[in-house]
Amino acid sequence: MVPDLHGFGPVLLEGTLMTVRLAVASCAVGIVLGLLGAAAKLSGSPVLRALGGAYSTVLRGIPELLVVLMIYFGASTVLMAAARPFGYAGYIELSPFVAGVTALGLTFGAYATEVFRGALQAIPPGQSEAARALGMGRVLAFRRVTLPQVWRLALPGLGNLFMVLLKDTALISVIGLEELMRMTAFAVGRTKEPFTFYLAAALIYLVLTALTTLALSAMERRAARGHGRR
Amino acid sequence: MHKLSTFFAAVVAAGLLVAGGPAKAADPLRIGTEGAYPPFNLVDANGELQGFDVDIAKALCAAMEVECTFVKQDWDGIIPALLAGKYDAIVASMSITEERRQAVDFTERYYTNKLRFIARKDMQLDISAAGLAGLDVGAQRATISGSFLEEHYPDANVRLYDTQENAYLDLAAGRLDAVLGDALVNYEWLNSEAGADFAFKGAPVFEGDLIAIALRKGNPDLVERFNAAIRQIRADGTYQEINARYFPFDIY
Amino acid sequence: MDLRLMVDSLPQLLLGMLATLELVALSGALGVVLAVPVALARVSPRAWVRAAPLGYIFFLRGTPLLVQIFLVYYGLGQFETVRESVLWPVLREAYWCAIIAFTLNTSAYTAEILRGAIQAVPPGEVEAARALGMSHALTLRRVVLPRAVRMALPAYGNEVILMVKGSALASTITLLDLTGMARTIIAKTYKPLEIFLAAGLLYLLITLVITRLIRRAETHLSTTANPRPKGRP
């Protein structure tokens with residue numbers, strides 16, 4: 001079932017590459033935000049706990065499309081207002097790519113906060129205590145003992161989030177980033193064949209999600225090595 | 001609320017640092033246009049902006065002796081992005097309206113348009129408010145056509161689209177009984193293959209729709225420079241030459 | 001920050017919110033109806049029945065909702081045969097296209113949630129029901145499904161919230177749901193920040209209320225289904 005793409009194949013491919021770049025960049029941003037969010041939610045400070053909680057509740061409760069539109073249209077205004085007191089009066093550009101990575105990263109991070117929190121809480125505190133007793137510093141104990149296990153425990157959850165993220169990248173087309181969906185709409189405008197091209201886009205997304213599933217299960221096996229069969 | 005926006009700002013600022021820092025406004029003019037409104041502005045197969053608006057903007061920049069770069073922006077956000085400073089001028093077939101005047105400054109007109117209905121050729125369409133009552137009528141969101149429909153056709157089922165193209169797709173598919181739009185843009189579509197079964201209906205419902213360049217408020221110098229440039233390309237024949245590429249009649 | 005504008009737009013935004021709730025409620029209900037047979041097929045003892053819904057679920061869960069909406073809305077309109085069929089009066093309406101796309105989408109996710117729950121029903125309970133002489137269908141209706149529904153509830157609550165958020169995409173096909181209404185107001189006022197913020201707060205309200213409702217349903221179901229044994233210390 002290969003639809004006739006009227007020579008728009010390369011255009012769709014170009015869009016696909018942008019989609020992948022967008023997903024990977026947003027995922028990186030989201031993982032950092034998720035770790036920060038989880039750290040805040042588990043910290044001793046009530047202010048940080050409240051901030052972490054508010055972040056994950058708010059961002060998980062608002063439609064991704066709205067977050068995207070909000071960041072794209074609103075962020076420049078907010079940023080410039082925030083920069084003015086520091087004597088910067090120029091224009092702060094937020095390209096569709098940066099706006100997209102910010103919006104998707106924020107959403108991913110909100111969900112990842114919960115994934116990391118669950119993973120961190122699942123590790124018995126005795127382990128890092130033991131590491132400290134062996135003379136490891138706090139940082140070293142976290143890096144050598146806690147982090148590798150967090151990774152293993154969080155990976156399935158993060159994998160699910162990445163699949164969701166991959167599909168959410170389609171929303172960035174609404175603010176004009178030339179990813180797969182945008183390129184598809186462009187081809188539709190030219191050829192007046194919406195079904196052909198949206199189906200082609202759907203199949204490309206399917207290939208991407210299928211490949212991701214394969215990669216994730218390989219990663220999960222690797223992360224669980226030495227941990228017996230479960 | 002305040003906390004929320006500060007929080008957003010902080011996170012976005014962090015994102016910006018990663019992305020290479022804020023770009024600063026430079027001397028050349030940045031022109032914003034939509035790129036989905038043939039024949040006035042569109043993106044060709046090579047990804048280049050083309051169309052009447054783009055040609056006019058280039059001619060105006062040449063007349064003003066400044067360098068211009070073009071920025072593509074969806075119609076929905078074309079004024080917010082101008083206000084935010086993403087570009088310095090909108091050359092995108094924008095009509096002068098009172099509502100928009102509250103937000104932006106306009107130059108003199110660079111062409112004049114009319115609003116006109118189109119529908120299936122074999123359809124008898126009465127374009128009065130009573131005649132369109134209960135019918136599905138489409139227009140692009142955030143356009144003068146859209147607000148005209150909402151204002152004058154309260155009983156019609158008004159549907160607003162992100163792009164003009166999508167409104168045409170739905171007209172061709174039979175989801176819409178009629179589309180209200182700029183007569184010149186409708187003219188282009190009626191002449192295309194997709195629009196072969198459709199025709200203008202009735203007289204223009206609104207004439208003297210003045211199309212101008214929108215600028216951020218508070219820069220009378222730039223408005224005057226644009227106005228002088230418009231007069232200059234009208235006088236030296238550049239305008240007429242561009243006009244002839246798109247329409248066999250004068251649209252000024 | 002223009003607070004007056006936020007307040008002034010509230011009546012319109014509430015109207016949009018109503019449309020959002022209607023979209024979610026209707027497609028959610030239809031989605032569950034569709035999900036039950038799909039889930040049952042997925043746990044069928046016959047391999048070919050199990051395999052049948054695989055493609056359905058794989059496609060709907062593996063592609064973006066936006067693509068699915070555009071396929072239903074703009075895509076189907078491409079074909080003359082569709083436009084001349086008896087289905088056209090339905091497919092002609094953006095509203096029904098949104099309902100169809102949302103229903104199909106949520107049915108795939110819900111079916112998977114339900115499948116997981118059905119498989120988690122302890123086999124002993126099923127065997128006991130059969131041993132008591134219950135037929136296969138009766139066991140399903142009286143034992144397996146009630147148990148599965150209770151176990152599926154937390155995951156289904158998440159799915160409902162995802163649906164609320166996904167319904168914002170209805171605005172891309174001209175519907176005036178909460179997001180569509182917000183975008184239309186912005187088209188007139190050029191104040192995106194205020195309006196999107198107001199819309200965001202309304203969405204937050206919806207998701208928080210739904211979270212509460214689901215939690216209440218969970219406690220309700222677990223207390224009625226497992227009444228405390230009487231007469232024992």
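Looking only at residues of region B:162-171 that are at pLDDT 90 or above and touching an Asp or Glu at 6+ places or on another chain (Cβ under 9 Å), we find that the one that is nearest to residue B:197 (Cα to Cα) is B:171.
Is there a residue in region C:18-33 that is within 12 Å of another protein chain (Cβ to nearest Cβ), more than 30 Å from residue B:168 (Cβ to Cβ) and either of a type outside the set (Phe, Trp, Tyr) or in contact with a Lys or Arg (Cβ under 8 Å, 6 or more places away or on another chain) (or both)? Yes; the residues of region C:18-33 include at least one that is within 12 Å of another protein chain (Cβ to nearest Cβ), more than 30 Å from residue B:168 (Cβ to Cβ) and either of a type outside the set (Phe, Trp, Tyr) or in contact with a Lys or Arg (Cβ under 8 Å, 6 or more places away or on another chain) (or both). Counting only helices (runs of 4 or more DSSP H) that sit completely within region A:74-147, those holding 2 or more residues that are modelled with pLDDT of 95 or more correspond to A:96-122.
Please indicate, with yes or no, whether at least one residue in region A:162-172 is surrounded by fewer than 19 Cβ atoms within 10 Å (Cβ to Cβ) and either touching a residue at least 24 places away in the same chain (Cβ under 8 Å) or within 24 Å of the chain's Cα centre (by Cα) (or both). Yes, region A:162-172 contains at least one residue that is surrounded by fewer than 19 Cβ atoms within 10 Å (Cβ to Cβ) and either touching a residue at least 24 places away in the same chain (Cβ under 8 Å) or within 24 Å of the chain's Cα centre (by Cα) (or both). In this structure, is residue C:127 closer than 29 Å to residue C:25 by Cα, among the acidic types (Asp, Glu) and at pLDDT 90 or above? So residue C:127 does not fit the description; no. Note on region B:188-225: residues that are under 21 Å from residue B:126 (Cβ atoms) and within 14 Å of chain C (Cβ to nearest Cβ) amount to 1. Could you say whether any residue in region A:174-197 is in contact (Cβ under 8 Å) with a residue 40 or more places away in the chain, over 18 Å from residue A:15 (Cβ atoms) and outside any helix (DSSP H, G or I)? Within region A:174-197, none of the residues are in contact (Cβ under 8 Å) with a residue 40 or more places away in the chain, over 18 Å from residue A:15 (Cβ atoms) and outside any helix (DSSP H, G or I).
Does region A:5-14 contain at least one residue that is within 19 Å of the chain's Cα centre (by Cα) and surrounded by fewer than 24 Cβ atoms within 10 Å (Cβ to Cβ)? The answer is no, given that none of the residues of region A:5-14 is within 19 Å of the chain's Cα centre (by Cα) and surrounded by fewer than 24 Cβ atoms within 10 Å (Cβ to Cβ). Residues in region B:172-187 that are within 12 Å of chain C (Cβ to nearest Cβ) and of a type outside the set (Gly, Ala, Ser): B:175, B:176, B:177.
Yes/no per residue for (1) closer than 25 Å to residue A:105 by Cα; (2) among the acidic types (Asp, Glu); (3) within 13 Å of chain C (Cβ to nearest Cβ):
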site	(1), (2), (3)
A:141	no, no, no
A:149	yes, no, no
A:174	yes, no, yes
A:181	yes, no, yes
A:209	yes, no, yes
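Between C:186, C:206, C:214, the distinction of being in a helix (DSSP H, G or I) and within 17 Å of residue A:74 (Cβ to Cβ) belongs to C:186 only.
Of the residues making up region B:101-121, those that are in a loop (DSSP other than H, G, I, E, B) and touching a residue at least 12 places away in the same chain (Cβ under 8 Å) are B:103, B:121. Of all residues in region B:152-164, those that are assigned to a helix (DSSP H, G or I) and either surrounded by fewer than 21 Cβ atoms within 10 Å (Cβ to Cβ) or more than 15 Å from the chain's Cα centre (by Cα) (or both) total 1.
The sole residue among A:60, A:117 that is facing another protein chain (nearest Cβ under 8 Å) and among the basic types (Lys, Arg) is A:60.
From the list B:149, B:171, B:176, the one residue that fits, being surrounded by 21 or more Cβ atoms within 10 Å (Cβ to Cβ) and assigned to a loop (DSSP other than H, G, I, E, B), is B:176.
Checked against the criterion of being outside any helix (DSSP H, G or I), closer than 22 Å to residue A:190 by Cβ and within 12 Å of chain B (Cβ to nearest Cβ), region C:82-93 contains not a single residue that satisfies it. Cβ separations smaller than 7 Å between residues 6+ apart or across chains give the following pairs from region A:209-224 residues that are without any contact (Cβ under 8 Å) to a residue 60 or more places away in the chain to residues that are part of a helix (DSSP H, G or I): A:209/A:163; A:209/A:166; A:209/C:62; A:210/C:62; A:212/A:162; A:212/A:163; A:212/A:166.
For region C:72-87, the set of residues classified as farther than 20 Å from residue C:102 by Cβ and aromatic (Phe, Trp, Tyr) consists of C:79 only. Against the numbered list (1) more than 14 Å from chain A (Cβ to nearest Cβ); (2) within 19 Å of the chain's Cα centre (by Cα); (3) free of Cβ contacts under 8 Å to residues at least 12 places away in the same chain, residue C:136 comes up short only at (2).
Residues in region C:57-72 include at least one that is surrounded by 16 or more Cβ atoms within 10 Å (Cβ to Cβ), without any contact (Cβ under 8 Å) to a residue 12 or more places away in the chain and farther than 30 Å from residue B:171 by Cα.
Residues in region B:117-171 that are more than 11 Å from chain C (Cβ to nearest Cβ) and of a type in the set (S, T, N, Q): B:124, B:128, B:145, B:164.
The values are calculated or read from the model by the stated rules, or taken from the named source; none is laboratory data. If you're wondering where the values come from, they're calculated on a predicted model, not measured in any experiment. All Cβ positions, even for glycine, are placed from backbone atoms using ideal geometry, and neighbour counts span all protein chains on display.
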